[in-house]
Amino acid sequence: MRTLYRRHFAMMAAVILVAFSLLGGAFAALSYQYIIRDKQEAMGRNASYVASFTSSYLSNGFSSSIQDTGYQLYVASLANISGSTVILAENTGEIVYASSGAGTGSLLSGMVPQDCMDQIAREGSYAQRSSLGGLLSDKCFVTGVPILQSSFITGQTYQRGVVLVVSDTTTLTTMWQDLAVIFLFSAMVVLLLASALSSVTSHWQTKPLKDMAEAVSRFGQGEFDARVEGCEDRKDEVGELAEAFNAMADSLAKSEAQRSEFIANVSHELKTPMTTIAGFADGILDGTIPREREADALKTISSETRRLSRLVRRMLDLSRLQSSENVTAQERFDISELLLRVLVSLEGKITSRGLDVETSLPDGPVMVWGDPDAITQVCYNLLDNAVKFAAPETALGLGIQVKGEKVWVTVRNLGETIPPEELGQIFDRFHKTDRSRSVDREGVGLGLYIVKTIINNHRETITAKSEDGVTEFTFTLTIA
């Protein structure tokens, strides 16, 4: 299994090796060029010193001057100080002197290759890595310059011989070995550190992911209390992911709780009328209910049947409103006219309870955006509730107020005050206060939940407040 740790470590190791290779190669190349150039310049200067010094000994003849003890002592000292071998040769290439050192004897009887002599005569210098045609046991750095002398008769300068300075590559080989050791040691240390750091960082980064995978597995098994912990102080992307996961888990847990509550509420709401219907029907069939009371029993069965029908209809409405395919139609309509039409449709209920209606509506039309049918249902549910729970012989309040780009619609009644602890629950599914259970026996507790759902689908807000017997619902719409 290719874990994140292995991928992370492989990437870090590859980057480190590539970086070390590039840096090591660049450093080695620069060091090589610098040392070679410095070595060649030093050998060239030594060769020029020897050539210049040799010119002063040529008055007695080339070979006899070179055999002078003082001359040889000077050249040998210079060779020993520079760690090089000095070779002097005639223009023919015949070696006439070589400074003391390993292989000096074989050099005295040798000949400098003709290509070396030709290059010195042609270009005035020679600088290459060569074995001088086999004179040297291995390739060495060789620098050569001509020995120039001026003629007493013509005054012209001519070449009298050549000076070659030879230096082996032992120093460079040792340097390359040291560089390789340092490079390998540094690479191993950095790789070990990278391994440790990669292990720590990978564990730190992947632990929340493993916790999330475990939490998802627990969610699949029905444990909705699983959360990712220990990431509260993280301010990186993993912390944000853990926070988002916990928020999602809270939402799923809440949805599951609501689903369970919804099923329980639906079961309860269906069970009550069905039990009543079955009881009265069985009573009629087995004769428990006298014939003179069968009509009342049938009325109860009819009432409970209609109640079941309303419950099913409301459930279908909720299914449609909460469906992902539900798209609220955006049309321009007059909210004042719509509110008055709803008021007229409830005129019979209002009159039967002896209620007055106080309106505070603008003189002209108030055009808003929304779904007219859905907003009609919102207004009907709110007004129907207001009529149902208003104290007899009191007044209903209807108001429309324009504020900025919003229209505020208010429905108000006078009755009993809703307790604060219940005010925040009145928009929940199947929620019915103790008072509403006694007053509204035919309700199923879905009216205000449908109102809230429709307003949310319109991306608007609805609020409720109840103080000193005055209960007021207010929702917003956008001006068209």
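Below is a table of values for the structure above.
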| read-out | value |
| --- | --- |
| Using alpha-carbon coordinates, inclination of helix 237-286 to the longest axis of the chain, degrees | 20 |
| Once exposed loop trypsin sites (Lys or Arg not before Pro) are cut out (DSSP; at most 11 other Cβ, 10 Å), longest piece of the chain | 3-234 |
| Accessible-area composition of the range 117-183, carbon plus sulfur, in percent [1.4 Å probe] | 53 |
| Accessible surface, per residue, of the chain when the full set of protein chains is kept, probe 1.4 Å, Å² | 58 |
| Cα-Cα pairs of the chain separated by more than 43 Å (percent) | 59 |
| Cβ-based charge dipole, the chain, positive-most Cα from V18, Y32, I277 | Y32 |
| Simple spin-label estimate for S302 and S267 in nanometres, 7 Å along Cα-Cβ | 3.3 |
| Percent carbon-and-sulfur accessible area, the range 326-371, ignoring ligands, DNA and RNA, probe 1.4 Å | 49 |
| Computed lengthening from E347 to T359, 0.36 nm per intervening residue step minus Cα-Cα distance | 2.9 nm |
| Virtual spin-label span in nm between K403 and Q72, 7 Å along Cα→Cβ | 11.8 |
| With every protein chain in place, the range 274-319: carbon and sulfur % of accessible area (1.4 Å) | 57 |
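The values are calculated or read from the model by the stated rules, or taken from the named source; none is laboratory data. Since this is a predicted model, take the numbers as computed values, not measurements. With ideal geometry, Cβ positions are generated from the backbone for all residues, glycine too; neighbour counts draw on all protein chains shown. Ligands, DNA and RNA are excluded from the accessible area calculation, which covers all protein heavy atoms including side chains. Shrake-Rupley method; radii C 1.70, N 1.55, O 1.52, S 1.80 Å.
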